[in-house]
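Readers should treat all values here as calculations from the given coordinates under stated rules, not as data from a laboratory. Owing to the predicted nature of the structure, the values given are computational and were not obtained by experimental measurement. No Cβ is skipped: glycine too gets one built from the backbone with ideal geometry, and neighbour counts run over all protein chains shown.
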Amino acid sequence: MKVTKNSIVKIEYVMMDHTGEVLESSKIDGEYEYLHGIGEMLPGVEKALEGLEKGASIDIVIPPEDGFGIKKDEYVEEIDKDDFPEDVKLEKGMEFDVEDEDGDAIITIVEIKGDKVLVDKNHPLAGETLKVQAEILDIRMAEDWEIEHWGHDHGDHEHCDN
């Protein structure tokens, strides 16, 4: 069986930044299973896995546009310090999970200026060239209920969301 739209693909993987630093690994996070063809996986990885069979491996470099996207200046904005929890001491580089009009997002504090906070709503890996090595452990066609319900919370593997 080959990797096609609506197949459930189980992989072992390592994702690194452009310097080779490991960002995520199935040796740490566990094997990853996803529904192929719905945009759950990074576009560059999904393209590379398309049409491959169980046991096949990839070793690819993913440009930002096929990874977590290009950094967008308009995603950097100033917000009120009061918008953050009172009991948290804000520091440059802190990340917060938030929900915005596009769904779940991560914001990073860039700078604190008095009662204003400069935040970056770009994904922390936006603009990064990534290297991914992966091996296909299993492939099967998804059941109808899986196709209907995929995308709900399936655990801690948030790295593949765009």
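Under a Cβ-only charge scheme (Lys and Arg +1, Asp and Glu -1), can you give me the dipole magnitude of the chain about the Cα centre, in debye to the nearest 20?
Details: 16 positive and 45 negative charges, 178 e Å.
The calculation lands at about 860 debye.
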Packing rank of 54-65, 84-95, where each peptide gets the mean count of other beta carbons within 10 Å, highest leading: 54-65, 84-95
Rg and Dmax of region 73-120, using alpha carbons, in Å: what are they? 10.4, 29
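Rounding to the nearest 20 debye, state how big the charge dipole of region 73-120 is about its Cα centre with +1 on each Lys and Arg Cβ and -1 on each Asp and Glu Cβ.
Values: 5 positive and 20 negative charges, 90 e Å.
Using Cβ point charges on Lys, Arg, Asp and Glu, region 73-120 gives about 440 debye.
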Gain in length, Asp115 to Glu86, computed as 0.36 nm per residue apart minus the alpha-carbon separation, to one decimal in nm? 9.2 nm
Cα coordinate range in region 1-41, projected on the principal axes (Å, largest first): 33, 19, 16
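Past 26 Å, Cα to Cα: identify those pairs from Lys27/Lys47; Lys27/Lys72; Lys2/Lys71; Lys27/Lys131; Lys10/Lys71, in the order given.
Details: Lys27/Lys47 23 Å; Lys27/Lys72 32 Å; Lys2/Lys71 34 Å; Lys27/Lys131 16 Å; Lys10/Lys71 30 Å.
Pairs exceeding 26 Å: Lys27/Lys72; Lys2/Lys71; Lys10/Lys71.
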Kirkwood calc, the chain, C-alpha pairs only, radius in angstrom 17.4
Considering amide H positions built from the backbone, and no H for Pro or chain starts, which residues 5 or more places from Leu130, or on another chain, come under 5 Å of its amide H? Ile62
So how do 2-8, 17-23, 140-146, 42-48 stack up, highest first, on mean other-Cβ count within 10 Å? 42-48, 2-8, 140-146, 17-23
